[in-house]
1. Can you list the strands (runs of 3 or more DSSP E) lying wholly within the stretch 12-115 that have 3 or more residues being modelled with pLDDT of 85 or more?
2. Of all the residues that make up the stretch 116-132, how many are assigned to a loop (DSSP other than H, G, I, E, B) and over 21 Å from the mean Cα position of the chain (by Cα)?
Amino acid sequence: DSEVDGGDAQKSKKDDMLHREIDIDGSTADGLGRILAKGTITIAYCSTTGTCEGFAKKLHKEILDRSARNYKVVQLIQVSEVDWWDELLNNEGDADDGGSGGPPVLLFILPTWTDGTLPPNSQNLLQSLSEISTDWRVAPE
C-alpha cells in the first residue's frame, strides 16, 4: 500500500502541470500555449535523423518527471510548426499578464547540418530571427 500511495503522490504532482506535445502536423487537443507566457517551458526542436527529436523528448520527460516549480505548462514543439514572428513579437499582453509562474523558458534543440548550418526545415526560424533583429520594436544592444 505504501508503494501505491507514493506513486499516487508522485502522479498528483505531475497532474498539476499541463503537458503539451505538438505532433507532426502542429495540432493538439490542448492547442499551443503562448511561448512567452509566464509559467511556460517550451522545448522547440528540429531533427533530420531523429537524434534531436529523441533528445528533446527525453528532456521534456525529464522536466515533467522533476515537476519544475513555478511552471504549469511544458510544451514540446517542432521549430517548423511555429510562427516565430508572431510568438516573439506579438505578445498581445499574454507574456506579462500578471499570472502566476516563473519567467518563460524557451529551449532550442537544433542539429547542425552541412558545415554547421541548420537544416532546411528550420528556415522559418532563421528567417524570422533575421527579420526580428532589424525590427524597430526590438531594442538594439
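The values are calculated or read from the model by the stated rules, or taken from the named source; none is laboratory data. This one's a predicted model, so the numbers in the text were calculated from it and none came from an experiment.
1. On the way: elements: 18-21, 40-45, 73-78, 105-109.
Qualifying strands (runs of 3 or more DSSP E): 40-45, 73-78, 105-109.
2. Of the residues in the stretch 116-132, 1 are assigned to a loop (DSSP other than H, G, I, E, B) and over 21 Å from the mean Cα position of the chain (by Cα).
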